[in-house]
2 protein chains.
Amino acid sequence: MAANILVVDDEQSIADLIEVYLKNENYDVYKFYNGWDALQCIENQNIDLAILDVMLPDIDGFSVCQKIRERHNFPIIMLTAKDEEIDKITGLTLGADDYVTKPFQPLELVARVKAQLRRFTRYNSPEPLREEKVIAFAGLVLNKDTHECTLNEKPLSLTPTEFSILWVLASNRGRVVSSEELFREVWGDKYYTNSNNTVMVHIRHLREKMGDNAEHPKYIKTVWGVGYKIEK
Amino acid sequence: MAANILVVDDEQSIADLIEVYLKNENYDVYKFYNGWDALQCIENQNIDLAILDVMLPDIDGFSVCQKIRERHNFPIIMLTAKDEEIDKITGLTLGADDYVTKPFQPLELVARVKAQLRRFTRYNSPEPLREEKVIAFAGLVLNKDTHECTLNEKPLSLTPTEFSILWVLASNRGRVVSSEELFREVWGDKYYTNSNNTVMVHIRHLREKMGDNAEHPKYIKTVWGVGYKIEK
DNA sequence: TAAAATTCTTAAGATTATCTTAAGGCAGCC
DNA sequence: GGCTGCCTTAAGATAATCTTAAGAATTTTA
């Protein structure tokens with residue numbers, strides 16, 4: 001599910017914007033403001049999809065696109081200004097898989113990224129896209145089927161609720177999950193009441209079992225006024 | 001919240017089972033035992049989500065899925081036998097949003113239905129889409145959901161109030177926002193009293209965290225006698 | 001240039017959110 | 001029924017944030 005996405009745009013604010021939206025969907029983002037740096041990255045990282053602005057300071061996006069296609073096969077989405085009618089066609093014929101005109105709705109771009117990844121993985125891997133059954137990172141291993149959990153090889157015996165909370169946090173790691181969202185995910189929408197500290201208490205138990213404390217947590221961090229978060 | 005859900009499965013007992021669980025969650029269920037009847041229903045009813053078995057007596061679920069996608073955009077969850085041919089399962093990802101293998105836990109299916117409906121309404125509700133969730137410019141990135149904020153890639157830890165103030169200024173950048181307006185936006189109209197320097201103090205904290213000073217501010221500028229402003 | 005107005009800075013007390021602890025309730029098992 | 005383990009609730013403790021106020025600094029006005 002997690003994929004490495006290359007973003008190339010010389011307008012920093014736009015690249016930043018795209019980055020946030022993609023990270024919010026748990027993609028790993030490699031961001032560059034010019035073409036050559038991006039091309040170099042491609043050789044070192046295992047990129048799954050590229051988003052390229054047509055207008056770049058050094059070499060234009062079409063050339064970057066072409067160069068990528070000489071050696072790689074992943075989907076490419078081009079960003080073009082609205083009035084570059086002819087360029088669109090050019091871009092597409094040069095190996096781009098989709099294009100989006102500026103200004104764009106970030107969510108639309110995200111949707112297209114997903115679509116391309118779906119299409120690409122369908123043609124390139126026999127494995128179906130499925131929901132994760134195991135999450136492993138930073139010494140923590142969670143198995144959704146068995147509810148088993150180990151931290152640095154040592155088993156943690158978590159209660160069902162604790163496991164569910166940790167699972168939600170772990171599968172959303174890198175972003176903040178509000179207490180309310182956590183509650184809805186674990187207990188279900190209809191049980192939600194906005195005055196109880198149940199989640200908090202379970203977080204406390206989790207931290208205890210994980211050897212964490214609230215002041216300097218290694219795993220579950222408190223984001224004041226917003227919720228909880230596990231770093232990526 | 002109540003949604004119309006289409007259930008298509010030739011095994012009557014399974015379709016019935018799903019129906020019971022969905023109705024228990026207050027969903028309206030449209031239940032069919034074959035593909036064609038289901039397709040016909042879709043044109044007449046305003047369906048919000050479909051659950052399709054792959055094995056159907058007349059046309060297979062995969063084709064039904066395709067046909068739905070020709071005209072509709074709602075989420076589709078596929079039901080597949082556990083030992084289904086891999087390429088078939090792979091094919092399912094064409095247009096389907098999720099799938100569940102038989103035998104399944106009814107509650108898991110219900111959970112996935114909820115998840116898909118949540119996801120779908122998030123991306124399709126016309127209004128919230130207009131409100132930006134992320135603002136990015138000049139190296140500053142603000143995420144309204146998580147209250148995360150980075151300045152030149154480095155995270156700033158802002159308090160809730162600080163974040164809100166910065167958000168208002170950033171989303172109005174290029175124009176001056178008066179202290180009073182700022183207060184009303186952040187705290188709400190009813191708390192406003194025309195003598196307090198609360199806003200000022202928070203601005204001070206913001207500037208501190210952003211490495212700004214009042215005399216030569218890079219970000220939050222004071223417009224004497226009027227208010228504060230972030231340049232476009 | 002002096003006075004007035006506005007903004008800045010600082011720190012301390014008030015407030016609010018979160019944390020911690022412990023007790024009671026409920027379900028499953030012997 | 002009694003035991004066990006888990007979940008929830010509540011209440012006090014702690015920590016983070018917010019507000020206030022007062023004096024300093026700055027800009028404007030006269």
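The values are calculated or read from the model by the stated rules, or taken from the named source; none is laboratory data. This one's a predicted model, so the numbers in the text were calculated from it and none came from an experiment. Here the Cβ is made from the backbone with ideal geometry for all residues, glycine too, and neighbour counts use every protein chain on show. Heavy atoms of the whole protein, side chains included, go into the accessibility calculation; ligands, DNA and RNA do not. Shrake-Rupley method; radii C 1.70, N 1.55, O 1.52, S 1.80 Å.
Cross-link partners of A:K218 among aspartates and glutamates, defined as those whose alpha carbon lies under 18 angstrom from its own and excluding same-chain residues fewer than eight positions apart: A:E153, A:E162, A:E208, A:E231.
To the nearest 10, the accessible area of B:T150 is 40 Å² with a 1.4 Å probe.
Each of A:K154, A:K144 has its accessible area taken with a 1.4 Å probe; listed largest first, they run A:K154, A:K144. Legend: residues A:M78, B:M55, sorted from most to least accessible area (1.4 Å probe; ligands, DNA and RNA excluded), read B:M55, A:M78. Averaged over the residues of peptide A:219-227, the number of Cβ atoms from other protein chains lying within 10 Å of each residue's Cβ is 3.
Counting Cβ atoms of other protein chains within 10 Å of each residue's Cβ and taking the mean over peptide B:7-15 gives 0.
With every protein chain kept in place and ligands, DNA and RNA left out, what is the accessible area per residue of chain A? Probe 1.4 Å, answer in Å².
Details: 11910 Å² over 232 residues.
Here the per-residue accessible area is 51 Å².
Only Lys, Arg, Asp and Glu carry charge here, each on its Cβ (+1 for the first two, -1 for the last two); on that basis region A:134-230 has a dipole of about 180 debye about its Cα centre.
With the dipole of the protein assembly as shown worked out from charges on the C-beta (+1 for Lys and Arg, -1 for Asp and Glu) around the Cα centre, which of A:I76, A:L140, A:V226 lies farthest toward the positive end? Working it through, the farthest residue towards the positive pole turns out to be A:V226. Put A:E19, A:E148 in order of accessible area, highest first, and with a 1.4 Å probe you get A:E148, A:E19.
Quote the charge dipole size of the protein assembly as shown about the Cα centre in Debye, to the nearest 20; the model charges only the Cβ of Lys and Arg (+1) and of Asp and Glu (-1). Before the final figure, lay out each step's value.
Numbers: 56 positive and 72 negative charges, 274 e Å.
My answer is approximately 1320 debye.
What relative contact order, as a whole-number percentage, does region A:134-230 give when Cα pairs under 8 Å and 6 or more residues apart are counted? Reported relative contact order: 25 percent.
Averaged over peptide B:99-110, the number of partner chain Cβ atoms lying within 10 Å of each residue's Cβ comes to 1. Taking the C-alpha atoms only, the angle from helix B:35-44 to the longest principal axis of chain B is near 40 degrees. Farthest towards the positive end of the charge dipole of the protein assembly as shown, among the residues B:A170, A:F120, B:A3, is the Cα of B:A170, using unit charges on the Cβ of Lys, Arg, Asp and Glu.
Note down the net charge around A:N73, summing +1 for each Lys or Arg and -1 for each Asp or Glu among other residues with Cβ under 11 Å from its Cβ. Kindly include the intermediate steps, with their values, before the conclusion.
Working: positive: A:R69, A:R71; negative: A:D48, A:E70, A:D97.
Value of the local net charge: -1.
Would you kindly find the accessible area of B:S179, with a 1.4 Å probe and non-protein molecules such as ligands, DNA and RNA excluded, rounding to the nearest 10 Å²? Around 50 Å² of this residue is reachable by solvent. If both residues of a DSSP beta bridge must be in chain A, then about 45% of such bridges are antiparallel.
Placing R0 at 56 angstrom, the Cβ-Cβ distance between A:K133 and B:E215 gives a FRET efficiency of 0.45 after rounding to 0.05.
Relative to the first principal axis of the alpha-carbon coordinates of chain B, what is the inclination of helix B:160-171, with its axis defined by its Cα atoms, in degrees from 0 to 90 and to the nearest 10? Here the helix axis deviates by roughly 90 degrees. Between the listed residues B:P106, B:C65, A:I42, the Cα displaced farthest toward the positive end of the dipole of the protein assembly as shown, a dipole computed from Cβ unit charges relative to the Cα centre, is found at A:I42.
May I ask you to order B:223-230, B:32-39, B:46-53 by the average number of other C-beta atoms within 10 Å around their residues, highest value first? It would help to have the intermediate numbers written out before the result.
Numbers: B:223-230: 15.0, B:32-39: 18.5, B:46-53: 21.9.
The packing order, highest mean first, is B:46-53, B:32-39, B:223-230.
With the simple model of a label 7 Å out from the Cα in the direction of the Cβ, A:N73 to A:D189 spans 4.1 nm. For the pair B:W224 and A:N197, label points projected 7 Å from Cα toward Cβ lie 5.0 nm apart.
Take the cross-link list B:K154/B:K221; B:K23/B:K67; A:K31/A:K221; A:K23/A:K229; A:K221/B:K232 and give me the ones stretching past 24 Å between alpha-carbons.
Numbers: B:K154/B:K221 21 Å; B:K23/B:K67 26 Å; A:K31/A:K221 26 Å; A:K23/A:K229 14 Å; A:K221/B:K232 34 Å.
B:K23/B:K67; A:K31/A:K221; A:K221/B:K232, as the Cα separations exceed 24 Å there.
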